[in-house]
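Step one of this worksheet: look at the structure below.
All of the numbers you see were taken from the coordinates with simple rules; none came from a lab. Worth saying up front: this structure is predicted, and the values here are computed from it rather than measured. A quick note on method: Cβ atoms are made from the backbone with ideal geometry, for glycine too, and the neighbour counts reach across all protein chains shown.
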Amino acid sequence: MKPSKHQVIIIGAGLAGLALAYFLRQSGHDFLLLEARERFGGRIRTSRPETGAPLELGATWFGNKHTALLELLTELGLEKFAQVTGGRAIYEAISTSPPQVVQLPPNEEPSYRIAGGTDVLVRALLANIPAECRLLETVVSHLTLTAEGLEVKTSAGTFLAERVVSTLPPRLLLETISIQPRLPEELQQIARKTHTWMGESIKVGLRYDQPFWRENGAPGGTIFSNVGPVSELYDHSSFTDDQFALKGFLNGAYHSLSRAERRDLVLHQLRKYYGPVVDGFRDYEEAVWRQEPYTFTEYSEHVIPHQHNGHPIFRETFLAERLLLAGAETAALFPGYMDGAVRSARRVSQLL
Ligand SMILES: Cc1cc2nc3c(=O)[nH]c(=O)nc-3n(C[C@H](O)[C@H](O)[C@H](O)COP(=O)(O)OP(=O)(O)OC[C@H]3O[C@@H](n4cnc5c(N)ncnc54)[C@H](O)[C@@H]3O)c2cc1C
């Protein structure tokens, strides 16, 4: 049987893949969006139980400089709201000194969150992408240049496309998809050493019935600690401010512990600042991104944060001009961030 043929196949339905599909839908292209996971969104992942604050286990914040993301939010009619800092923070400089409560300087560059949760953006994009143009649980394993186009072999069958756009983090593309003929040596070298932004991070969050960190003169929900294991924590209450949570980052080195061990370490640290009230949490959530095979693969050598993010080679075309790269790490501006993901999608959409 001949593989079904499309003008464009997009690999990966994170923000870049979804935004690209949305732009291609607007320009009337025939496309197919292929996603390995059982959910859309990639490094955007919002946990939302039936009750309680939505918790961002992936991307959360952005600023006024992130104009590509802001334009898309406006176009989709989505609102943003400023991150609550409370004016004060708990600061722990070294383990031999007690934590201090410090005044935060006025925030000249406010940090925003998407009202309702970051996945509201994912859902708004999906609402504009017909269901027959997107497949979940479809893992791309091979790309082969043929006389008819680019053949895309997946766990759900083989497809043919005039152009293919990979939105995978460049390292993941090189490490997990077999490509014939081989991509240029320079691209391979650079992509393999390109940092996948936040790939090693661990997000932790706790939902509470009451925001005890704001009450009775408590020091607020902002924590910066060099002692850890929680390095940063923020008030993560809902946009409507009627569902309460704290959320932040756990030192990535704790990835090999069990979930229960990590939760106990988080609670132990928070007890130091707030007392036993922290034990009254509704639920604990975490995401260990290093354990996600569709985001992260171990590096064979040391790679620094953001290494090669935005490298110009990612904006070239490959395999007889049939393969293009998008995705946050390929963007010339704000690579690694949601804004970079949207920018990369916009750029590629203008080339197709
Ligand atoms: C913990 C964390 C916190 C973050 N915080 C922020 C923040 O506050 N602000 C900010 O701007 N950015 C933040 N980021 C970065 C932000 O999430 C990314 O810039 C953005 O979401 C990347 O989108 P993308 O589409 O380029 O890549 P991804 O979201 O990684 O999408 C790639 C997609 O490809 C799929 N895929 C992988 N392999 C295959 C395959 N073989 N076949 C088919 N599909 C495949 C994946 O499942 C995924 O859906 C954070 C990221 C993390 C992990």
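Pop out the ³J(HN,Hα) list for region 275-286 in order, Karplus 6.51 cos²θ - 1.76 cosθ + 1.60 with θ = phi - 60°, rounded to Hz; leave Gly and Pro as x. Running phi through 6.51 cos²θ - 1.76 cosθ + 1.60 with θ = phi - 60° gives x, x, 4, 5, 6, x, 5, 7, 7, 10, 10, 8 Hz. With θ taken as phi - 60° and the Karplus curve 6.51 cos²θ - 1.76 cosθ + 1.60 applied, the whole-hertz 3J(HN,Hα) list for region 260-272 is 5, 5, 5, 4, 5, 5, 4, 5, 4, 5, 5, 4, 4 Hz, x standing for glycine and proline. What's the longest uninterrupted piece of the chain once you rule out the GluC sites (Glu not before Pro) that are loop residues per DSSP with at most 14 other Cβ within 10 Å? Within the chain, the longest run free of exposed GluC sites (Glu not before Pro) spans 216-297. Between VAL139 and SER155, ALA156, the built amide H atoms are under 5 Å apart, and every one of these is 5 or more places off in sequence or on another chain. Couplings for region 7-23, taken from phi via the Karplus curve 6.51 cos²θ - 1.76 cosθ + 1.60 with θ = phi - 60°, read 4, 9, 10, 9, 9, x, 10, x, 4, 5, x, 5, 5, 5, 4, 4, 5 Hz in order; Gly and Pro are left as x. Its Cα gyration tensor gives region 141-274 an equivalent ellipsoid, and the semi-axes of that ellipsoid, as √(5λ) in whole Å with the largest first, are 45, 17, 13. A Gaussian network model of the chain, with springs between Cα atoms under 10 Å, assigns the largest mean-square fluctuation among LEU173, LEU143, LEU76 to LEU76. Average projection, convex hull of the Cα set of the chain: 18.5 square nanometres. Packing here is the average count of other Cβ atoms within 10 Å per residue, and on that basis the peptides 244-250, 43-49, 8-14, highest first, run 8-14, 244-250, 43-49.
The ellipsoid that matches the Cα gyration tensor of region 104-193 has semi-axes, each √(5λ) in whole angstrom, of 34, 22, 10, with the longest given first.
In the chain, the DSSP-assigned H stretches of four residues or longer account for a calculated mean residue ellipticity at 222 nm of -6500 deg cm²/dmol, using -39500 (n - 2.57) per stretch and the full residue count as denominator. In terms of Cα atoms, the Rg and Dmax of region 1-140 work out to 19.6, 70 Å.
For region 120-211, the list of trypsin sites (Lys or Arg not before Pro) that fall in a loop by DSSP and count at most 15 other C-beta atoms within 10 angstrom reads ARG182. Which lysines, if any, have their Cα less than 24 Å from the Cα of LYS2, not counting same-chain residues under 8 positions apart? Within the straight-line limit of under 24 Å, LYS2 reaches these lysines: LYS153.
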